[in-house]
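*Asks:* Pasting a structure below so you can have a look.
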Amino acid sequence: MLLEHELAWVDEKIYWEIYENSLKYPNEFWMRHMQDISWKKSPEIAFDERSGRWLPGGISNVCYNCIDRHAEKTPDKPAIVWYGDMPGERREISFAELQRMVVRISSVLRARGVKKGDVVGLYMPMIPEAIAAMQACARMGALHLVVFAGFSAEALAYRLSVSQAKVILTVSAANRGGKRIKVLDNVEAAVVNMERPPEIINVDTLGNVELDDRIAWLSESDNLFVLYTSGSSGKPKGIIHSALPYILYVATTFKVIFDIKPNDVYFCTSDVGWITGHSYIAYAPLFFGLTTVIFSGSPTYPEADRYWDIIEREHVSIFYSAPTAIRSLQMFNRKFVERHDLSSLRILGSVGEPINRSAWQWYFDVIGGGRCPIMDTWWQTETGGIVLAPLRTLKQKPGVAGKPFFGISPKISDNGELTITSKWAGLCRAVVYECGVAGNTTEFCENIFRKNYFKDGAFLTGDGATQDANGDIKISGRLDDVINISGHRLGTAEFECAINKIDEVKESAVVAVPHDIKGQTAFAYVVSKTELLTPEAKADIAKKIVAATRCCIGAIAKPDFIAFVPDLPKTRSGKIVRHILRAIANGESYENKDVASVVNSRVLPDLQAAVHNSLHCPDMCKLK
Ligand code: WT7
């Protein structure tokens, strides 16, 4: 019998057979894959259908599986190869060295009083120490809370205080795109106004510490991390993932979907600040003892060939990137690709947003040389690991994420929303809104999660999707108030919160519009307190808006368009009618829309005119 991990190369019929079995007998399926984990105490079953528990009774540790066991068997094999801002800047960290780094950091954490279950903040660039720090937390059973280093001090402060982080790990500075970023300064600015500020630990200057190489042996109910992401509500929410069920799901999806071999060299261009950087950089590749390449520079600095140069130098065989990166590199002269030998590539991956046809074709032809299947992987921070992917190589459908992974049963609801009716081990466990992780019981956060994410027992993804006769699923994008900018999820309410803080602004509404490179961008409707504004006054407010979003969220959150309007369309109860704003910003006429619920419909022609004359931020807001 063929096993799932050989499946990348088999025919569709066999896929469906194994798939049906995985739904009918989930325990049997996951029992096979839980053997990949080195157990301190092996669970008797993988999945208890009655209680919904994964790996009951099992005892192990994620860091032990990702690092220690390989440091024993293959101590000299490179675990991480790092590239910095300049092409020659390279570090190679073996499994034995990575283990030493991890033990040193976990010893420092213990010395500062961090215990199992505590939250440890992390604000670092893409350097080996960031991965070592995450693994150090995993080793001692502390939960890491990684904040993308592109988020502002204010965004960092919010996440740290809501999660009640005990310490924050950081570094002095980072280099990116020829610029020096003072990372530590941001951390200091973040903690300065906090009621109970976490202690700052600078990983550059750890000093001497007595080494303590103990491993915390965890059970199925222990957690691995908290990671913030955006939803429809005003503030980002903390997603809590388990340790053991999560690693089972992440490892299995990685093994099957990327069809891994022991000598693969894997390069994923995400950042540890996002879920991709957690599941498929910091954990899955190390779990299998693969060499993983990380890059902390900019793909276009000093020239637009950094990815291709790294692939050639390191003989990368699996390359996992994002549509926004592909589109931005596709714009450059082909010579940047053609001067590199990319023949080591075997499999390509894409994640973060739907991949458009032209980007797909360029990725397939120019980067993959027509040889490499593209794994268009659909998933979310909440799902922990990949949920949909094309599981076979030859019949590629551009822009179609494809088949459900084993054990996943997708169902498209009447309103076109993708829901999932089965249980899978990677699904997050709990969600933290504006209450603390430590301050609330896990049970409380679990209930919030169930209340917000499920309807009639099905998990709600928030994405629209269609399914073809072959069972392949195509994702159209978010149905809720989430904007996907360069594959990063940002809530419209977060933008509005930042914009409404400006003195001259009475109220605002932000919607998503398409963008050639970023996929989507933010379009802001702004009602100012003064009715008649001169062009200079508008330009001035626009600058303040860009500065405010940068300050509250981060530089990635810049709205690209601003329209000044006299009022926003509202319902009788005062709710902003967003679908009309979305349609108008996307160039549609409100005349074909259902405007019955709008009480102040006289503003609609003004909105349309304002969108026509909206300010385009890149041309006018040259902010420092
Ligand atoms: C949202 C989740 C999963 C890691 C990165 C993003 C969109 C993600 C795809 C894809 C179409 C995709 C969805 C999803 N998305 N991958 N292959 N095709 N859309 O994680 O920040 O939690 O965002 O990203 O809209 O809901 P995230």
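*Asks:* What distance in nm lies between label points placed 7 Å from Cα along the C-beta direction at MET331 and SER409?
*Replies:* 4.5
*Asks:* Sequence neighbours fewer than 8 away in the same chain don't count; with that in mind, list the lysines whose C-alpha is under 18 Å from LYS570.
*Replies:* LYS506, LYS529, LYS593
*Asks:* Right, something else. Looking only at the chain, where both bridge partners belong to it, what percent of the DSSP beta bridges are antiparallel (to the nearest 5)? Don't skip to the answer; put the middle values down first.
*Replies:* On the way: 58 of 94 bridges.
Rounded to the nearest five, the antiparallel share is 60 percent.
*Asks:* Then there is this: I'd like to compare 241-249, 408-416, 221-229: which one has the highest average count of other Cβ atoms within 10 Å, and what's the full order after that?
*Replies:* Values: 241-249: 27.0, 408-416: 14.1, 221-229: 23.1.
So the order, starting with the most tightly packed, is 241-249, 221-229, 408-416.
*Asks:* Classify the range 441-581 from the C-alpha gyration tensor, please: rounded if a/c falls under 1.5, else prolate or oblate depending on whether a/b exceeds b/c. Mind dumping the intermediate values first?
*Replies:* On the way: a/c = 2.02, a/b = 1.70, b/c = 1.19.
Here the range 441-581 falls in the prolate category.
*Asks:* Please compute the length gained on full extension between THR534 and ASN356, using 0.36 nm multiplied by the number of residues separating them and subtracting their Cα-Cα distance.
*Replies:* On the way: separation 178, 0.36 × 178 = 64.08 nm, distance 3.99 nm.
Going from the current span to full extension adds 60.1 nm.
*Asks:* Relative to the present Cα-Cα distance, how much length would full extension add between ARG90 and GLU28 at 0.36 nm per residue of separation? Could you put the intermediate results ahead of the total?
*Replies:* Numbers: separation 62, 0.36 × 62 = 22.32 nm, distance 4.37 nm.
My answer for the length gained is 17.9 nm.
*Asks:* Given the pairs LYS451/LYS501; LYS474/LYS518; LYS237/LYS411, which span a C-alpha to C-alpha distance of over 21 angstrom in this model?
*Replies:* Values: LYS451/LYS501 31 Å; LYS474/LYS518 19 Å; LYS237/LYS411 25 Å.
LYS451/LYS501; LYS237/LYS411, as the Cα separations exceed 21 Å there.
*Asks:* What do you get for the angle between helix 153-163 and the principal long axis of the chain? Use alpha-carbon atoms, 0 to 90 degrees, nearest ten.
*Replies:* The angle comes out near 60 degrees.
*Asks:* Using only DSSP helix segments of four residues or longer, with each worth -39500 (n - 2.57), what per-residue ellipticity at 222 nm results for the chain after dividing by its residue count and rounding to 500?
*Replies:* Working: 19 runs with 180 residues, N = 624.
Using -39500 (n - 2.57) per qualifying helix, the result is -8500 deg cm²/dmol.
*Asks:* Using only Cα atoms, tell me the angle between helix 128-140 and the longest principal axis of the chain; keep it within 0 to 90° and round to the nearest 10.
*Replies:* Relative to the chain, helix 128-140 is tipped by roughly 70 degrees.
*Asks:* In addition: Using only the Cα atoms of the chain, build the gyration tensor, take square roots of its eigenvalues as a ≥ b ≥ c, and label the shape rounded, prolate or oblate: rounded if a/c is under 1.5, else prolate if a/b is larger than b/c, else oblate.
*Replies:* On the way: a/c = 1.45, a/b = 1.31, b/c = 1.10.
Taking the square roots of the gyration eigenvalues as a ≥ b ≥ c, the chain is rounded.
*Asks:* Report, in whole Å, the centroid distance computed from the Cα atoms of the range 302-370 and the range 244-297.
*Replies:* About 18 Å separates the Cα centre of the range 302-370 from the one of the range 244-297.
*Asks:* Relative to the first principal axis of the alpha-carbon coordinates of the chain, what is the inclination of helix 95-111, with its axis defined by its Cα atoms, in degrees from 0 to 90 and to the nearest 10?
*Replies:* The two axes meet at around 70 degrees.
*Asks:* I've got another one for you. Which one of PRO566, VAL595, ALA610 has its Cα pushed farthest toward the positive end of the charge dipole of the range 484-620, where Lys and Arg give +1 and Asp and Glu give -1 at the Cβ?
*Replies:* Of the candidates, VAL595 comes out farthest on the positive side.
*Asks:* Related question: Using a simple charge model, +1 on the beta-carbon of Lys and Arg, -1 on the beta-carbon of Asp and Glu, nothing else, what dipole does the chain show about its Cα centre, in debye to the nearest 20? Each step should come with its number before you reach the end.
*Replies:* Details: 71 positive and 72 negative charges, 99 e Å.
It works out to roughly 480 debye.
*Asks:* Residues of the range 534-559 with the amide nitrogen closer than 18 Å to a label point 7 Å from the Cα of ASP185, along Cα-to-Cβ, please.
*Replies:* Under cut-off, by backbone N: 547-548, 550-556.
*Asks:* Between TRP217 and VAL599, what FRET efficiency follows from the Cβ-Cβ distance if R0 is 45 Å, with the result rounded to 0.05?
*Replies:* On the way: r = 61 Å, r/R0 = 1.36.
After rounding, the FRET efficiency stands at 0.15.
*Asks:* Would you work out if the range 302-425 is rounded, prolate or oblate? Take a ≥ b ≥ c from the square roots of the eigenvalues of the alpha-carbon gyration tensor; rounded if a/c is under 1.5, else prolate when a/b is larger than b/c, oblate otherwise.
*Replies:* Details: a/c = 2.34, a/b = 2.08, b/c = 1.12.
Prolate, since a/c reaches 1.5 and a/b exceeds b/c.
*Asks:* Where the centroid of each part is defined by its Cα atoms, how far is the range 41-109 from the range 172-202 in Å?
*Replies:* What the calculation gives is 27 Å, centre to centre.
Where a number appears in this text, it was derived from the coordinates with a stated rule and is not lab data. Computed from a predicted model, the values in this text were never measured in an experiment. Cβ coordinates were reconstructed from backbone atoms using ideal geometry, including for glycine residues, and neighbour counts include every protein chain displayed.
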